[in-house]
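Everything on this sheet refers to the single structure shown next.
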Amino acid sequence: MCGIPGHRNFLSTISASVLNNQQSFMFTVATVLIVPVYNPLPGWEKLLHQRYTELADALSQPLQLCIVNDGSTNGNFEPAANWLQQQLPAVIIESYTGNKGKGAALRTGVKLVEAAHYVFTDVDFPYTTASAVAIIKLMQSGNADLVIGNRNNQYYRQINSFRAGLSKLVRFFIRVLMRMPFDDTQCGLKSFNQKGKTIFLNTRIPTYLFDMEFVLQAVRSKAVVQTVAVELRKDVHLSRMPLKVLLRELKNFIGLLFS
């Protein structure tokens, strides 16, 4: 974990313990925002800083930021992380070697921080600040164990036809084959409480379909799951998914279908 100058002044309830002669840290906060990062584009830190600040200001309450570097190798992470530490002294940054996948990166962050509420999104904050605020506020109301974003037609009008078609196909299969009450499991904006944390840490898929596994386990565990309509930012452009990624996730989907 990267050194974080000044974070002890911000987090009054940090505890440190020594286990097996190795020092480990647990950060205790009310709400933590976890952002996984892998081979980010140049300038990603400026955008993240802007969007995080907007969200924290809109919430009008402390929002701990935790960034997990999922084995980036393109040289764009370390210098940017140093800049972020200067701008946001309380930021928690965890790095490891080897790309493990978004699901694995988020589990790393969730294990690192003890919080009443967890929220995660992507490094470019693709959904509007209002969408994130609505999800966090619903979670903090105590009326749900898991709050998931629900993408509407506005979302599909903004993305390329291939991704739109693929997403709608996945949602169809969820409704018909899995018979879950929530068909949009893949929205990258979610929040959960301590019960949700236990369920989340029981997931095993390291890559994209960890979301589906999480929601499926939450439904099976009788957790209270609620949805919030979310809006994609107008300046967001989602890339195509490589064929090898699609084939890998198809295998994961079949595994979930028969789990």
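The values are calculated or read from the model by the stated rules, or taken from the named source; none is laboratory data. Source: prediction; values computed, not measured. When we count neighbours, we look across all protein chains shown, and the Cβ atoms used for this are built from the backbone with ideal geometry, even at glycine.
From the list D124, D145, pick out the single residue that is touching a residue at least 12 places away in the same chain (Cβ under 8 Å) and either assigned by TED's automatic domain parsing to the domain that holds L47 or within 15 Å of the chain's Cα centre (by Cα) (or both). Explain how you work it out, then say what you get.
Numbers: D145 fails: either assigned by TED's automatic domain parsing to the domain that holds L47 or within 15 Å of the chain's Cα centre (by Cα) (or both).
Every option except D124 fails the conditions.
Could you identify the single residue in T108, T128, T97 that is closer than 18 Å to E45 by Cα, among the polar types (S, T, N, Q) and modelled with pLDDT of 95 or more?
Details: T108 fails: closer than 18 Å to E45 by Cα; T97 fails: closer than 18 Å to E45 by Cα.
Unique residue meeting the criteria: T128.
From the set of residues in the stretch 196-249 that are part of a helix (DSSP H, G or I) and modelled with pLDDT under 90, which is nearest to K137 (Cα to Cα)?
Start the filter on the stretch 196-249 by keeping residues that are part of a helix (DSSP H, G or I), which leaves 196-200, 210-220, 243-249.
Filter again for modelled with pLDDT under 90, leaving 243-249.
Working: L243: 38, K244: 38, V245: 34, L246: 34, L247: 37, R248: 35, E249: 32 Å.
If we take residues in the stretch 196-249 being part of a helix (DSSP H, G or I) and modelled with pLDDT under 90, then E249 is nearest to K137 (Cα to Cα).
This table checks each residue for (1) closer than 19 Å to T121 by Cβ; (2) among the aliphatic types (A, V, I, L, M); (3) modelled with pLDDT of 90 or more; (4) surrounded by 17 or more Cβ atoms within 10 Å (Cβ to Cβ).
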{"site": "N143", "(1), (2), (3), (4)": "no, no, yes, no"}
{"site": "L146", "(1), (2), (3), (4)": "yes, yes, yes, yes"}
{"site": "R151", "(1), (2), (3), (4)": "yes, no, yes, yes"}
{"site": "Q154", "(1), (2), (3), (4)": "yes, no, no, no"}
{"site": "G165", "(1), (2), (3), (4)": "no, no, no, no"}
{"site": "F173", "(1), (2), (3), (4)": "no, no, no, no"}
{"site": "L177", "(1), (2), (3), (4)": "no, yes, no, no"}
{"site": "T185", "(1), (2), (3), (4)": "yes, no, yes, yes"}
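Condition first: small (G, A, S) and surrounded by fewer than 21 Cβ atoms within 10 Å (Cβ to Cβ). Now tell me which residues in the stretch 97-108 satisfy that. Lay out the reasoning, then the answer.
Taking the stretch 97-108 first, the residues small (G, A, S) are 98, 101, 103-105.
Within the stretch 97-108, G98, G101 meet the criteria.
Given (1) part of a strand (DSSP E or B); (2) under 20 Å from E213 (Cα atoms); (3) in contact with a Gly (Cβ under 8 Å, 6 or more places away or on another chain), identify the lone condition not met by V68.
(2)
Among F182, F162, F173, which is part of a loop (DSSP other than H, G, I, E, B) and either out of contact with any Cys (no Cβ under 8 Å at 6 or more places or on another chain) or over 22 Å from L256 (Cβ atoms) (or both)? Can you show your working first?
On the way: F162 fails: part of a loop (DSSP other than H, G, I, E, B); F173 fails: part of a loop (DSSP other than H, G, I, E, B).
From the options F182, F162, F173, the qualifying one is F182.
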